[in-house]
1. What's the ranking of 139-148, 21-30, 84-93, 115-124 by average number of surrounding C-beta atoms within 10 Å, highest first?
2. Can you pull the one-decimal nm distance between simple spin-label points at F83 and A127, each 7 Å off the Cα toward Cβ?
3. Can you give the FRET efficiency to the nearest 0.05 for V4 and R103, using r as the Cβ-Cβ distance and R₀ = 22 Å?
4. For W13 and S113, FRET efficiency with R0 = 45 Å and r from the beta-carbon atoms, rounded to 0.05?
5. When the Karplus curve 6.51 cos²θ - 1.76 cosθ + 1.60 is applied with θ = phi - 60°, which whole-Hz ³J(HN,Hα) does each residue of segment 19-31 get, with x for Gly and Pro?
6. Fully extended, how many nm does the chain gain between W141 and E21 (0.36 nm per residue separation, minus their Cα-Cα distance)?
Amino acid sequence: MLFVAGLYAYLRWEDSKHQAEVARKREALYARRRAQLAAQRSGQAPDATEPALLDDVPQPSDATEAMWQASVKKEAFHFRFRFSLRELLMLMTAAAVTFGLIRILGGPAATESVLGLVALAGLIVFACGYEPPQNVVLGWWLILAMYVFISILTFVWGVLV
């Protein structure tokens, strides 16, 4: 448990360092852009100190800007898993408790049937175009994985016995 807590603290520390670096770079970029816009509005060239700052980060061309806009439009339909450690632990606990209750109440055959119906319901909901929250999607994938695992286990158990 201490390992998990230590790993969690380390990952949060690394993430905060990364976020601070990104914020620093973003502020520097905005400062350079503000200086460029101020120089363009007044009709003057930037100071002697500004060209060195402007050369640090290459300015995007029109093609690059179009690429970023296209990727933003595509990203609306792209799904990625992003969960905190807390969410994962909560979902794993809920899945374990649910799995244990179904196992106690019905045995492997009933468990397989119930998990298969839940997985099928998830597929139907997803096919209808509904985009559920991340936690629901992760829970659905865990149920689908348990369904496959229990199906294989039931088959092997039936062959062996």
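1. The densest-packed peptide leads the list: 139-148, 115-124, 84-93, 21-30.
2. Reported label-point gap for F83 and A127 is 2.5 nm.
3. Efficiency, rounded to the nearest 0.05: 0.30.
4. Calculated transfer efficiency: 0.45.
5. So the J values, rounded to whole Hz, are 5, 5, 5, 5, 5, 5, 5, 5, 5, 5, 5, 5, 4.
6. Contour length minus Cα-Cα distance gives 39.8 nm.
Every read-out reported here was derived from the displayed coordinates using simple, explicitly stated rules and does not represent laboratory data. Fair warning: this is a prediction, and the values are worked out from it, not measured in the lab. As a convention, Cβ positions derive from the backbone with ideal geometry for all residues, glycine included, and neighbour counts pool all protein chains shown.
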